[in-house]
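Quick notes on the structure that follows.
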Amino acid sequence: MTDHLPILLLLSPLFGALVCVLFGKGNSKNAWIVSMISLGISSILSVFLLLKVLSIKAGDIRYRMGGWDPSSGYEVGIELRIDILAALIVLAVTLVGFINTIYSKTRVPAEVGEKGPFFYALIQLLIVGLCGIIMTNDAFNLYVLIEITSLTSYALIAMGNRRAALSSFNYVIMGTIGASFYLLGVGYLYIKTGTLNIDDIHTYLENENLWTSQSIIVAFILIMLGVWTKMALFPLHGWLPNAYSYAPSMTGTFMAPLMTKVMVYVMIRVMLWLFGADFVYSEDSVWSELIVWMSVVAIVAGSFLALARNDIKKMLTYLIIAEVGYMVGGAWLNSLTGQAGAFYHILSDAAMTFCLFIAASIVIIRTGESRLNAFDGLFRKMPLTMIGFTIGGLSMIGLPPTCGFFSKWYLISGGIESGHWEFVVALLFSSLINAVIFFKIFERAYFGKIKGIKEEVSVADIDMIPAEGIKSVPASMLIPLFISALSVLILGIMNKNLFSWISNALKMING
Amino acid sequence: MSELLNIFSIILILSGLVFFLGASIGILRFPDFYTRMHAAGKGDTLSTILIMSGMAIQVIGDFEGSSVLVAIKILAIAVLIMLTSPTSTHLLMKAGYDDGIIPVSKDKKTKINDLGGPFLKDSLSEKSVAKKKTATKKRVKK
Amino acid sequence: MDFILICSGIALFLMMLPIMYRIVVGPTAIDRIVAVNVIGTKTAVLLIIIGALFHNVAMFVDFAIAYAALNFLGSLAAARYFNRTRPAYGQVSQEGGDADE
Amino acid sequence: MKFFGLLSVIIVGFLLLSATKDFPNWGDEDSPANSGPVSSFYIEKTEEKTKVPNMVTAVLADYRGYDTMFETVVIFIAGIGIIAVLRTYGSNESIPKNQVGDEGAGLLARMTCSLILPFIQLFALYVVAHGHHSPGGGFQGGVMLGASYILLALAYGLARAKSCFSEKRTLVFAALGIFIYVGWGVLCLVMGSEFLNYSALDSILPGGVEMARSHSMLAVEIGVALTVTAIMFSMFSNLSTKGRLDKGL
C-alpha cells in the first residue's frame, strides 16, 4: 500500500469534498467533522510520505498514473514525482489545512452560515489542488491543478462581505491572465519538444541543444510571467492585499500561508527541473542579474507599503509581498545556499504567516477593530494570543530562535556567496522595517491604554461569549495559534537537518 | 442515375443559395425590425432546408449503409431548423414588440400603424410616442 | 463536384457579411440577436459543406446538430431575457416610463 | 494606466510573434509535436492497446485520464463556487408576489420544445456513448444534456424544470459523476494496480485487457457527463435567478 501513498494523499480530501457536498446540507458541524477526518488522514499520509522519501537513497518516488510505462524513454501518461522538497511542502500544506480546519470550527457558522458545507468542500479541493501541483511531473497537469486552486480561491474569497466580491473579481482577472501566460508557455514548449513531461522536456532540450531558440526563451519568459502574477511579485501584486484582507477570516488564514509559497515552489521547479540551472544561470544572460534587482525592488516596496498601512491585515499582506521578493531573489541568486535559503524560507514563511494571520484574525474578531489601535493594551487582556503574535512577529523580524532568522541567514549568506550585495542590503533593510512595524505594535500592546473588549456582540459573533482574558478566545482558535507558533520555533531549531536535506536534494538536480 | 442525382442536388443547393441571398439582402436593406425579421425567418429557413436536402442527396449518392444514416442525420438537422428557426424568430419578434419597437408606417401624419397593443393610437399619448420615436431615431442614427 | 461545394461555401460566407453588418450596427439589441441566429443556422450548413469537402460528413454532422440545437437555445434565452427583464433600448423605459411590461 | 496597458499588450504581442520564428512549419510532418515519440506512440499503439478507434478519446480518458479527472473537478468547483457565492437561502420577501412563478415562453415555444427535446436528449446520450468512434464524449454530451434541461426551463418555466431536476438532485448528480470517475480509479487501486490503470479490471470486465480499457473509458465518460449536466443546469438556474431559484430569466 505504501506505493500508492501519493495518490491516496490526494484522494482523501477529494472524497471528503464530495461527502461534504452530498450529506452536509446546511449543517456545518458534519462538514467540519468530515473535513477534519479527511485532512487528518492526508496529513498522516504525508508524514509517511516524507519518511519514505527520506529512507530512499536515490532521491525521488515516481508514480505513473494508469500504469503507462515509458515507451522509448518518453512518458506517455502522467507521472507524479516526489522528492524531499516536494514531500516537505506537501507536509506543510496538509498540516496547514488540518490546523486551519480546527481554527474554522467556530468561524464558519459565524461568517458563511448555511453555506458551510460548500466552504469545507472548496477548502478540501484547494488542498487537493495544492498537493497535486507540488507532486505532479507534467507541465499541463500543473496548469489544470493551478486552475483548480485558482477557482476554489476565487470562490472562497468571494464568500466574504461585500467588498470581497469586488476584490475577488480583480483576482479573477489577474489570475486568469497569469494562468493564460503559463498555458501559452507550455504550449510553446510542446510545439518545440512534443512532450509534456517536465523531465522529458528537459532531456529533449538538452539533447537537441535548443537553448538559444527564440521560442524556448519566450516560453520561459511567459511561464515566469504567469507564475509571478500568481505569486504577486511586486509590480504584479495588485490583487493580493484586497483579496486576502476582505476574504472571510478562515480563508485568509488558509490562503496567505499557502498560495504564494506553492507558486514560488512552482517557479523553482520550472527553473531547475524544466529548464535547468545551466540555462537559467547561464553566463551570457542577464536574467539572474535582472530578476535579483526586481526582487530587491519588491522587497523594498513591499516593506515600505507595509509600513504605510494602518490596517492589520493589509499590513500583513504587504509583508507577504516583501517575503515573495525574498524567495524569488534567493532562488535566482545562482548559489546553492541561496536556493536552499529560498526553499527554507517557503517553509518558514508559511509557518510565520499562518501564525500572524491567525493572531491578527483573533484580535480583529475580538476587538471589532481592524486598525492598529486594536492592539492597545492587549498583552494584559489577551496574553495568550499576543504570545503567539509576538513569536510570529519576532520571526518576521528575524530574531534567533525562530525560523525567520535562519532562513534569512541562509539567504544573506547566499547573497554574499554570489556577490549580490544589493540583495543583502535589501534583506537587512527589510528586517529593519519589519522591526519598526512589529515593535510599534508590541509597544502599543504593552504600554497602550486598555480599552474594553467589544461588549456588544454582533450576530456574527454570537457563538463567543465575551469574557476576560484567556477565556475570551475559544480553544479552537488558540490551539491552531499555538501549534503554528510552536512550528515556527521547531522549524528554527531543526534548521540544521532541514538545511542539509534541502541542499542535498538541490545538489542532485544541480549536479 | 448518379449523374441525375448529382444535378438534382446541385439545383437544390443553388436554389438554396438564391434564397439565402434574398434573406441576406433583406436583412441588410429592409427598413425596420419587423420586416428584417420577416426576411430572416422565411428566407433563412427555406434556404437552409434546400441546401441541407441537396447535401443529403449528395451524401446518399454513393449508396452505402453508413451514408444513409448520415443523410438521415442531415435531414434531421433540416427538420430541426425548420422547427426552431421560425419559433425563435417569433419569440424574438414578441420580445421586440413587447419592448415597444415601433414599426415603419405609411401613415404620414402620426407615423403609427394600427396594430393594436402598445401601438394603438388611443392607448398612447402623443408625447410618449414622440419620445419613443426620438429614442428609436437616436439609436438608428448611431 | 468539389468545385461547386467550395463555391457554394464561399458564397454562403460572402452572404453572411451583410448580416455581420447588421450585428455590428444594430440598431436594436434584438436585431443583432436575429442576425446572430441567422448566422448560427448558416454555420450549421457550412459545417456540413466543410464535412463533404473533407469527405468526412459523418463526423461533421454531429457538430452541426449540436450547433443547431444550441443556437436555438441561445436565441430562446435572449428572447426571454429581452421580453421580461430589459427593454431593447435602455433609454425608452427611462424617459418614457411606460416600457410596456 | 491605459498607456501602460497598451504598452504591455504591444510587448506581449511582440514576444509572441518573435517566438514563431523558430516554430516548425505549418503542417510539418516532422515537427516534434507530430512525429515525436509520444505522439507516434499514441498514433500507432492506441488501437492495439485500447481497442478504441478514436485516439482523442483514448488520450483524454486513458493516457491522460488523471488530467481529465481534474478537469471534471474544475467544472464541479465552478458549479459549487457559484452556489457558494450566489445562493441565498430563505427570505423571498423582497420579491413582489406577481413576479414569483415563471410561466415559460408561451405556447409556440412550448410546442416546439416538446417536439425537439426528446431528440436532443437522445442525441446527447448518443454523443456520450459514441465517443469511442466519433467526436464526442462526456463533456460534449453532458453539455447537450444540460442544455436540454435549460431549454425546458426556458420554455416551460424554471419551476417545471426544477420538478425534474431539483437543486438537491443537481448536487447529488454532480458529486456522483466525480464519484464514478474517482471510484473507478480507486477500483483499479483495490485490484492491486496503479490509480486509473484500467487494465487491472480485466478480471471483472468482459473481453480481455484491451476491452477492459475501452469499457472503463465509457464508464468514466458517463461520470463526466453526469457532472457536466448537473453543473450546467445548476449554473443556469443560479445565475438567472441571482441565487434565489424562484423565477427564471
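Size descriptors for segment A:149-275: radius of gyration and Dmax over Cα atoms are 16.6, 54 Å.
Centre-to-centre, using Cα atoms only, segment A:39-108 and segment C:1-35 are separated by 54 Å. With respect to the cross-link table entries D:2/D:242; A:261/A:381; A:261/A:313, which display a Cα-Cα separation exceeding 27 Å? Pairs exceeding 27 Å: D:2/D:242; A:261/A:381. Within the shell of other residues whose beta carbon sits under 10 angstrom from the beta carbon of residue D:211, the net charge comes to 0, with Lys and Arg scored +1 and Asp and Glu -1.
Per residue and in Å³, how big is the convex hull formed by the alpha-carbon atoms of segment A:170-218? Considering the Cα atoms of segment A:170-218, their hull volume per residue is 71 Å³. The ranking of D:120, A:479 by Cβ neighbour count inside 10 Å, starting from the fewest, reads A:479, D:120. Could you grab the relative contact order for segment A:281-511? Cα pairs under 8 Å, six or more apart, rounded to a whole percent. Contact order relative to length: 27 percent. Can you give the local net charge around residue B:81? Use residues other than it whose beta-carbon is closer than 14 angstrom to its beta-carbon, Lys and Arg +1, Asp and Glu -1. Local charge sum for residue B:81: +2. Measuring how big segment D:94-249 is from its alpha-carbon positions, Rg and Dmax come out at 18.9, 63 Å. Highest GNM mean-square fluctuation, chain D, Cα pairs closer than 10 Å: which of D:157, D:138, D:106? With Cα springs under 10 Å in chain D, the top fluctuation among D:157, D:138, D:106 is at D:106. Along its first, second and third principal axes, ordered by size, segment B:20-82 spans 49, 18, 9 Å in Cα coordinates. Here the residues A:496, A:261, ranked from fewest to most Cβ neighbours within 10 Å of their Cβ, fall in the order A:496, A:261.
Fewest neighbouring Cβ atoms within 10 Å first, the residues C:25, D:224, D:74 line up as C:25, D:74, D:224. What the Cβ-Cβ distance of residue A:443 and residue A:489 gives, at R0 = 25 Å and to the nearest 0.05, is a FRET efficiency of 0.60.
Counting charges near residue A:55 (Lys, Arg +1; Asp, Glu -1) among other residues having Cβ under 15 Å from its Cβ returns a value of -1. Between residue B:82 and residue A:436, the simple label model (points 7 Å from Cα in the Cβ direction) yields a spacing of 8.1 nm. Among D:17, D:145, D:117, which one shows the biggest mean-square fluctuation in a GNM of chain D, springs joining Cα atoms closer than 10 Å? Sorting by GNM fluctuation, first place goes to D:17.
We did not get these values from a lab; they are worked out from the coordinates using the rules stated. Small disclaimer: the values here were computed from a predicted structure and weren't measured. Ideal geometry is used to build each Cβ from the backbone, glycine not excepted, and the neighbour counts take in all protein chains shown.
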